[in-house]
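Chemist: This is the structure, below, for whatever I ask next.
The values are calculated or read from the model by the stated rules, or taken from the named source; none is laboratory data. Note that the structure is predicted; figures quoted are calculated from it, not measured. So basically every Cβ, Gly included, is an ideal-geometry build from the backbone, and we count neighbours across all protein chains shown. When the accessible area is computed, the model is the full protein with side chains, heavy atoms only, and any ligands, DNA or RNA have been set aside. Shrake-Rupley method; radii C 1.70, N 1.55, O 1.52, S 1.80 Å.
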Amino acid sequence: MSPAAVKMESQRREYGRALVELGARNRDIVVLDADLSVSTRTADFGKAYPERFFNCGVSEANMVTTAAGLAMAGKLVFASSFAVFLTGLTYNQIRQSIAYPRTNVKIVASHAGLSVGPDGATHQMLEDVGLMRGLPNMTVVVPADARETYQATHALASFKGPAYMRFGRADVPAISDEGSDFAIGRASMLRKGADVTLIGCGQLVHTCLAAARQLETEGISASVVNMSTIKPLDTGMVDRCARDTGAIVTVEEHNIINGLGDAVCSAVAAHYPVPVTKIGTMDTFGESGEAGELLVKYGLSAEQIAMKAARTVETKKRMR
Amino acid sequence: MADQSEASDFVVHVDQLLKKIKYVYLFATNQVWNPLFEPLPRNRTYEELERIAREVRKDIIRVTNAAGSGHPGGSLSSADILTALYFRLLKHDPKNPKWEGRDIFILSKGHAAPGYYSVLAEAGYFSKEELMTLRKMGSRIQGHAHTDVPGVEVSTGSLGQGLSIANGFALSYRLDGRSQRIVALLSDGENDEGQTWEAAMFASFRRLDNITIYVDRNGIQNDGFTKDILDTSPLEEKWRAFGWNVIVIDGHSMKQIVEAYEASLKVKGKPTAIIANTVKGKGVSFMENNVAFHGKAPNKEETVKALAELDAGRGSQ
Ligand SMILES: Cc1ncc(C[n+]2csc(CCOP(=O)(O)OP(=O)(O)O)c2C)c(N)n1
């Protein structure tokens, strides 16, 4: 697959489409938004089922707690906004009213990560996965492309209990033809190598594949894993990768603290310690800029991933 | 026990004395407001303010066009208020942004940064060239109000936090006996946030009469008209019920913007909310009252058209 041929698709659009489909099938689905329905695409559901859509205005804490109430009364609720507001302004509400009582609320955030672009740091959420995976009872899903977002939305609707899903604003490259079907809690191996495993999530899974191709030209054979559920983590897969390749690189559009990298490190440390390099934002806020250039500036390009992976392989050899 | 309280009385006494000495020092070195020293002329006529506001509007158009994104609608609705504040009402010094004597301004509706930055550039805090780097990677001029930009007091962008920050400043300044004014600009959408009302209740309960806020009531939020998304009316009655002195004005009349502010300075025991009725996109015919231009930059043709309209004199009274 040449880079020019990559299909760019909107995860938001597929989320909206899945919601509309689900709404037809299940009369108990209710969708909430906080004055960003056009951006998150919940407006599509609102158009199709206006009586089951509630725009709460700019009141995120009120929205997620209302979602909890609706769910306690028997509804299956999807509540959406931008990741920064949906998890950052609402943490204790989610904790007490959704996570603790295991309320059947799906918290679905768009505009996660650096690729929000020009809006800048206030809108580029890089800590949400950490906030949500730290909550007991919470499931955390980060789909890699548009198709997986669509599948994950359906999977979340069938799954009972609290869950958080995040994706970005920008259109992302499709990896579907290389991926398998989505299931909550199951990672997929997209490419099998022998020297190192790149474990990614979100749109950076595609970048991992590009990095793996580049590593191949350097004589390094890399596995690539799409870790689309951060919690519960597919520890079986992590364990297998650690044993098979002896070195791991994690890649996420999130702070290296508390995200996918830390989840993988915990699993590796407990089961089969091997060197792990975490790639993500280095405990820093983002800034205004275009999505693509920001990903490069913050070290999330295929070249930079390949370079760090090669170094991790060196570390592995030295440790032997 | 007696000894202890005497000791703490002594500490308080020394503390107050030190504060007084510091104040005299700051006054003598021109670091607090001194009527004999005005960094900026604060006697501009309404006509002059209107002329400046027109330039500000043109910059809002140019800069969002250059950035290719941003929030022109809410910047244009706030342009007159921001201009009046920075060119007549606030005590501040563009040559010395951290001047101790300055009034404190908080742009609670942080997405109106293009309007805020345009006014700050016009006032001389940084160059127009730098203004044009809005939202570009590596620029200080971030997409939402950020303190790296000279003159920006508080980083904002997540709605609903500005009034609480204002409360903090107001409490601190009152504790220190400082007379500077604390001013915040809120949007009508921010009245959706619970925190706004937590802060409103706190400010009046604490009698923070050193606070003046403007609420830019343009009737539009992100997803549509406020009356359809989450109706905030009757807004005047809500703020009044929360213990505030409320003044309703036409937010595009310099005279009313100025007079309401001056009236607020005389109010004792209560903070003041100036509810400014405005038009989102004010000054550009095809942007006025148009939901689409909340978060969309004008393209090239729209920019040419908008600048021509503003030059022809729309956007002023
Ligand atoms: C807490 C929070 N939620 C959501 C947003 C996204 N957002 C940006 S502007 C806006 C609403 C705009 O309407 P209003 O606040 O009335 O501003 P104005 O019309 O004056 O531009 C929203 C929901 C935000 N910035 N902060």
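Chemist: Rounded to the nearest 10 degrees, what's the angle between the helix A:60-72 long axis and the longest principal axis of chain A, both from Cα atoms, 0 to 90?
Modeler: Helix A:60-72 and the main axis of chain A meet at about 80 degrees.
Chemist: In addition: Could you tell me what a quarter of the Cα convex hull surface of the range A:70-139 works out to, in nm² with one decimal place?
Modeler: Approximately 4.4 nm², given one-decimal rounding.
Chemist: Using a 1.4 Å probe and ignoring any ligands, DNA or RNA, find the accessible area of A:TYR298 and quote it in Å² to the nearest 10.
Modeler: Estimated to the nearest 10 Å², A:TYR298 gives 40 Å².
Chemist: Moving on. Could you sort B:GLU301, B:GLU236 by accessible area so the largest value comes first, with the probe set to 1.4 Å?
Modeler: Descending accessible area places them as B:GLU301, B:GLU236.
Chemist: 7 Å from Cα along Cα→Cβ at both A:THR284 and A:LYS192: what's the point-to-point distance in nm?
Modeler: In this crude spin-label approximation the distance works out to 3.9 nm.
Chemist: Using DSSP to define loop residues, name the trypsin sites (Lys or Arg not before Pro) in the range A:1-68 whose beta-carbon has at most 15 other beta-carbon atoms within 10 Å.
Modeler: A:LYS7, A:ARG27
Chemist: Per DSSP H run of n ≥ 4, the term is -39500 (n - 2.57); total these for chain A, divide by its residue number, and report the mean residue ellipticity at 222 nm rounded to 500 deg cm²/dmol.
Modeler: Calculated mean residue ellipticity at 222 nm is -12000 deg cm²/dmol.
Chemist: I've got another one for you. Please state the equivalent ellipsoid semi-axes for the range A:3-173: what are the square roots of 5 times the Cα gyration tensor eigenvalues, largest first, in whole Å?
Modeler: 22, 19, 15
Chemist: Follow-up. Compute the separation of the alpha-carbon centres of the range A:4-71 and the range B:210-285 and state it in Å as a whole number.
Modeler: One Cα centre to the other: 32 Å.
Chemist: What are the principal axis extents of the Cα atoms in the range B:39-86, in Å, biggest first?
Modeler: 36, 19, 17
Chemist: If you project the alpha carbons of the range B:75-214 onto the principal axes, what extent comes out on each, in Å, largest first?
Modeler: Projected onto the principal axes, the Cα atoms of the range B:75-214 cover 45, 33, 26 Å.
Chemist: Going by a ≥ b ≥ c, the root eigenvalues of the Cα gyration tensor, does the range A:263-318 fall in the rounded group (a/c under 1.5), the prolate group (a/b larger than b/c) or the oblate group?
Modeler: oblate
Chemist: Now a separate question. Share of antiparallel DSSP beta bridges in chain B, in percent to the nearest 5?
Modeler: Of the beta bridges lying entirely in chain B, close to 10 percent run antiparallel.
Chemist: Can I ask one more? Between A:ARG25 and B:SER172, what FRET efficiency follows from the Cβ-Cβ distance if R0 is 41 Å, with the result rounded to 0.05?
Modeler: About 0.15, to the nearest 0.05.
Chemist: How many partner chain Cβ atoms sit within 10 Å of a residue's Cβ in peptide A:289-297, on average, as a whole number?
Modeler: Neighbouring Cβ atoms belonging to other protein chains average 2 per residue here.
Chemist: I've got another one for you. Skipping prolines and chain starts, which residues have an amide H placed within reach, meaning under 5 Å, of the one on A:LYS7, given they are 5 or more residues away or on another chain?
Modeler: A:ALA174
Chemist: Hey, if we sort A:THR217, B:THR29, B:THR232 by accessible area with the 1.4 Å probe, largest down, what's the order?
Modeler: Output order, biggest surface exposure first: A:THR217, B:THR29, B:THR232.
Chemist: Further question: Semi-axes of the range B:131-247's equivalent ellipsoid from the Cα gyration tensor, sqrt of 5 times each eigenvalue, largest first, rounded to whole Å?
Modeler: 25, 23, 10
Chemist: Here's a follow-up. For the protein assembly as shown, place one equal point scatterer on every Cα, skip the solvent, and apply the Debye formula. What is log10 of I(q)/I(0) at q = 0.06, 0.10, 0.11 Å⁻¹?
Modeler: Here the Debye-derived log intensity ratios amount to -0.37, -0.94, -1.07.
Chemist: Let me check the size of the range A:188-319 from its C-alpha atoms; what are the radius of gyration and Dmax in Å?
Modeler: Over the range A:188-319's Cα set, Rg and Dmax evaluate to 13.5, 41 Å.
Chemist: Treat each spin label as a single point 7 Å out from the Cα along the C-beta direction, and report the B:PHE225 to A:LYS317 distance in nm.
Modeler: For the pair B:PHE225/A:LYS317, the computed spacing is 7.0 nm.
Chemist: Here is a follow-up. For chain B, just list the percent of Cα-Cα distances falling in each 10 Å bin from zero outward, please.
Modeler: Bin by bin from 0 Å, the calculated values are 6, 27, 34, 21, 7, 3, 1, 0.
Chemist: OK, next. Under a point spin-label approximation (7 Å from Cα along Cα-to-Cβ), what is the B:LYS20-B:ARG240 distance to one decimal in nm?
Modeler: Placing both labels 7 Å beyond Cα along the Cβ direction yields 4.3 nm.
Chemist: If you don't mind, another one. Compute the FRET efficiency between A:HIS154 and B:LYS98 as 1/(1 + (r/R0)^6), taking r as their Cβ-Cβ distance and R0 = 56 Å, and round to the nearest 0.05.
Modeler: 0.55
Chemist: Can you put B:LYS98, B:LYS282 in order of accessible area, largest first, using a 1.4 Å probe?
Modeler: Ranking B:LYS98, B:LYS282 by accessible area, largest first, yields B:LYS98, B:LYS282.
Chemist: Would you mind telling me the antiparallel percentage of the DSSP bridges in the protein assembly as shown, rounded to 5?
Modeler: 15
Chemist: What would the Debye formula give as log10 I(q)/I(0) at q = 0.07, 0.09, 0.15 Å⁻¹ for the alpha-carbon point model of chain A, no solvent?
Modeler: One equal scatterer on each Cα of chain A leads to -0.25, -0.42, -1.14.
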